[in-house]
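Read the structure below first, then the notes.
The values are calculated or read from the model by the stated rules, or taken from the named source; none is laboratory data. On a predicted model such as this, the values are computed, not experimentally measured, just so you know. Heads up, the Cβs are rebuilt from the backbone with ideal geometry, glycines too, and the neighbour counts pull from every protein chain shown. The area values use the complete protein model at the heavy-atom level, side chains included, leaving out ligands, DNA and RNA. Shrake-Rupley method; radii C 1.70, N 1.55, O 1.52, S 1.80 Å.
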Amino acid sequence: KGRLDLKHIGVLGHSFGAYTVLALAGARPALDWLEPKVAPGTGLGPDLSDKRILCGVALSPQSPGEPFFLSESFSTLKVPVLGISGTHDEQSNKNPPIQRREAFKLWPNMSGRSAFVWITDASHMDFSDSTGSDLKRRDSASRQDVQRVVREASRLFFDRCLKGKEDAGGAVTEARLKSQLGGSVKRVEVLSK
């Protein structure tokens, strides 16, 4: 009690958790692939956004396609979102990793408050320590660099969105993220809108 600031809430999730972040931020899910069917059976589902959420970080955010979102799903995002993915971040629906980055073009303009971090050589499990899965301790040369970039980008983004740090020190920039690299990842790009 009294330790949480319930007026400044952000969410963060990886993979299926990224889907949850996007839905809470206002992206409307696709009905097309749900089983059992939900009326009307196709198109956009209901608005599942949560008004308490001020922003979100989506690690490995989905692109349009089965079973999550349609191209028009993202136009209804209501709050700033930071997406983070990479060149080897395979999707469960077999869409190539680059489509995660391309989906950012479908997000609405938030006056520079939404961003997308694209990490060369980052794979899906680099965003996790794999605890509780069959992939636990799966070797990855890039995991340490990826996780340092994710921590710094998330901290900067939440500081800006939740604490109002609008100065240059609170912005997610390539220079700030490159300072986190230890040598296994060679390139980090930041897109904003």
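Determine whether Val21 is under 24 Å from Gln147 (Cα atoms), open to solvent by less than 30 Å² (accessible area, probe 1.4 Å), touching a Gly at 6+ places or on another chain (Cβ under 6 Å) and at pLDDT 95 or above. Walk me through it before giving the result.
Details: under 24 Å from Gln147 (Cα atoms): yes; open to solvent by less than 30 Å² (accessible area, probe 1.4 Å): yes; touching a Gly at 6+ places or on another chain (Cβ under 6 Å): yes; at pLDDT 95 or above: yes.
Spelling it out, Val21 is indeed under 24 Å from Gln147 (Cα atoms), open to solvent by less than 30 Å² (accessible area, probe 1.4 Å), touching a Gly at 6+ places or on another chain (Cβ under 6 Å) and at pLDDT 95 or above.
So is Asp126 of a type in the set (Asp, Glu), farther than 25 Å from Cys55 by Cα and at pLDDT below 95 or not?
On the way: of a type in the set (Asp, Glu): yes; farther than 25 Å from Cys55 by Cα: no; at pLDDT below 95: yes.
Spelling it out, it is not the case that Asp126 is of a type in the set (Asp, Glu), farther than 25 Å from Cys55 by Cα and at pLDDT below 95.
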What residue, among those in the stretch 28-52 that are more than 18 Å from Gln62 (Cα to Cα) and in contact (Cβ under 8 Å) with a residue 24 or more places away in the chain, is surrounded by the fewest Cβ atoms within 10 Å (Cβ to Cβ)? Arg52
Restrict the check to the stretch 160-171 and report whether at least one residue is in contact (Cβ under 8 Å) with a residue 12 or more places away in the chain, open to solvent by 40 Å² or more (accessible area, probe 1.4 Å) and out of contact with any Asp or Glu (no Cβ under 9 Å at 6 or more places or on another chain). yes
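For the stretch 1-29, which residues satisfy the criterion of being more than 17 Å from Pro80 (Cβ to Cβ) and touching an Asp or Glu at 6+ places or on another chain (Cβ under 8 Å)?
The initial filter retains those residues of the stretch 1-29 that are more than 17 Å from Pro80 (Cβ to Cβ), namely 1-6, 14-17, 19, 28-29.
Of everything in the stretch 1-29, just one residue is more than 17 Å from Pro80 (Cβ to Cβ) and touching an Asp or Glu at 6+ places or on another chain (Cβ under 8 Å), namely Arg28.
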I'm trying to understand the selection: among the residues of the stretch 2-27, which are among the aliphatic types (A, V, I, L, M) and touching a residue at least 40 places away in the same chain (Cβ under 8 Å)? Leu6, Ile9, Val11, Leu12, Ala18, Val21, Leu22, Ala25, Ala27
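Please enumerate the residues belonging to the stretch 68-87 that are open to solvent by 10 Å² or more (accessible area, probe 1.4 Å), over 19 Å from Ser111 (Cα atoms) and either within 13 Å of the chain's Cα centre (by Cα) or acidic (Asp, Glu) (or both). Explain how you work it out, then say what you get.
Residues of the stretch 68-87 that are open to solvent by 10 Å² or more (accessible area, probe 1.4 Å), as a first pass: 68, 70-72, 75-79, 87.
Imposing the further condition that a residue be over 19 Å from Ser111 (Cα atoms) reduces the set to 68, 70-72, 87.
Scanning the stretch 68-87 gives a single hit, Glu72.
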Of all residues in the stretch 93-105 being in contact (Cβ under 8 Å) with a residue 24 or more places away in the chain, in contact with a Ser or Thr (Cβ under 8 Å, 6 or more places away or on another chain) and surrounded by fewer than 20 Cβ atoms within 10 Å (Cβ to Cβ), the one that is farthest from Val188 (Cα to Cα): Asn95
